[in-house]
Amino acid sequence: MAEFFDRTKNGLPAQALVAQRIVKHYPELSTALRQFAEYVLAEPLQLARLSIHEAVEKVGVSVATANRFATAIGFAGYAEFRSELIQGFEALFVPAERLKQKLAEGASPREIMVASLREDIANLEATIAKLTAPQTDRAVEMIVNAERIYIAGFENAGSLANILAVGLELTGKSVRTAENGGGLVGAARQLFKYGEKDLVIAIAFSFYMRDTLQVTQRARRHGVPVLAITDYLNSPLSAMSQLSLYVEANHEFNPPSDTAILGLIEALVAAVASKTPNAADVVERFAAYTYPWMVSSPLDWSTD
């Protein structure tokens, strides 16, 4: 059934109850019910906003078909199905609602900045509490032993992936990330050469980028080990990876918190460097090579 989601323009989060029930019952559905299911997956937000009569007009089926679909995937009726569909998207709009509330309260810029910083302090403390010695030892071992590393991350996670790549390269690792504009084909152009001696590090947080999940799933199917950096045990990446490092990344206005994720990334690079005998030599050679381009004092950039 996972192949069905690979083929479909799936706009519904994979962890949503409605999505899970469609996956379970899809093979049993009639052609008309599958047509409705595919519309739910492709345009869930639009469908959640429509009445049953507006929905069936959009999909091109009858009211009876919509009701049969709801009961076929385990709901008491269409009303219960639609209610659950709406709930699956509530978290998406929470940041906007919180921002509206803060604007209405008249919070000052400093108050908002301090609240954000304190939230990240709490995130980092919670992330520390989740880390275990066996988990971190294994993560570092996977990175140190990998011949080549590909870091899968898009959008904000793409920037974080680049920071992780730079850090790991300075420990002497061979690292690639998704090229700008390359998309899934650009990732495939690299990953088809990878195997069991290599490693994919996948970075994804709620709501999970489909491109990251597809790249990771494809790599795992071809025998490439996967280390995930994600948020929850029920994250789609958890099921695809051999090991997951979990970050508490709550943020009131703009979840997930890039600061919290970056904190774990920098800590991971430090741990890898501590277990890589020649890491200091690599950093020293890099510094010597790049010194002519580095600004270390006003004299270096003076035009006089």
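Assorted remarks:
- If the segment from Asp281 to Arg34 were pulled out straight at 0.36 nm per residue, it would be longer than the present Cα-Cα gap by 83.0 nm.
- Bridgeable aspartates and glutamates around Lys173 (alpha carbons under 18 Å apart, same-chain partners fewer than 8 residues away excluded): Asp137, Glu141, Glu147, Glu196, Asp198, Glu266, Asp281, Glu284.
- FRET E, pair Ser83, Arg221, Förster distance 41 Å, beta-carbon r, rounded to 0.05: 0.70
- For region 118-123, Karplus couplings with θ = phi - 60° (6.51, -1.76, 1.60), whole Hz, Gly/Pro x: 5, 5, 6, 4, 5, 4
- Whole-angstrom gap from region 126-195 to region 207-234, using each part's C-alpha centre: 11
- Using θ = phi - 60° in the Karplus curve 6.51 cos²θ - 1.76 cosθ + 1.60, the 3J(HN,Hα) couplings for region 256-262 round to x, 6, 5, 4, 5, 5, 4 Hz; x is entered for Gly and Pro.
- The string of couplings for region 202-210 from the Karplus curve (6.51, -1.76, 1.60, θ = phi - 60°) is 9, 10, 7, 9, 4, 7, 6, 5, 4 Hz, one whole number per residue in order, with x for Gly and Pro.
- Potential lengthening between Lys193 and Leu45 on full extension [0.36 nm per residue; Cα-Cα distance subtracted]: 49.5 nm
- Amide H to amide H, with H built 1.01 Å from N, Arg176 comes under 5 Å of Ile149, Tyr150, Ile151, counting only residues 5 or more places away or on other chains.
- Modelled FRET efficiency - R0 30 Å, Leu184 with Ser238, Cβ distances, 0.05 increments: 0.90
- Residues whose amide H lies under 5 Å from that of Ala202, counting only those 5 or more places away or on a different chain, are Ala152, Leu227, Ala228, Ile229; hydrogens are built 1.01 Å from N in the peptide plane.
- Under-5 Å amide H pairs with Tyr232, H placed in peptide plane, nonlocal only: none
All of the numbers you see were taken from the coordinates with simple rules; none came from a lab. Everything numeric here is computed off the predicted structure, so don't read it as measured data. Because the Cβ atoms are built from the backbone with ideal geometry, glycine has one as well, and the counts that use them run over all protein chains shown.
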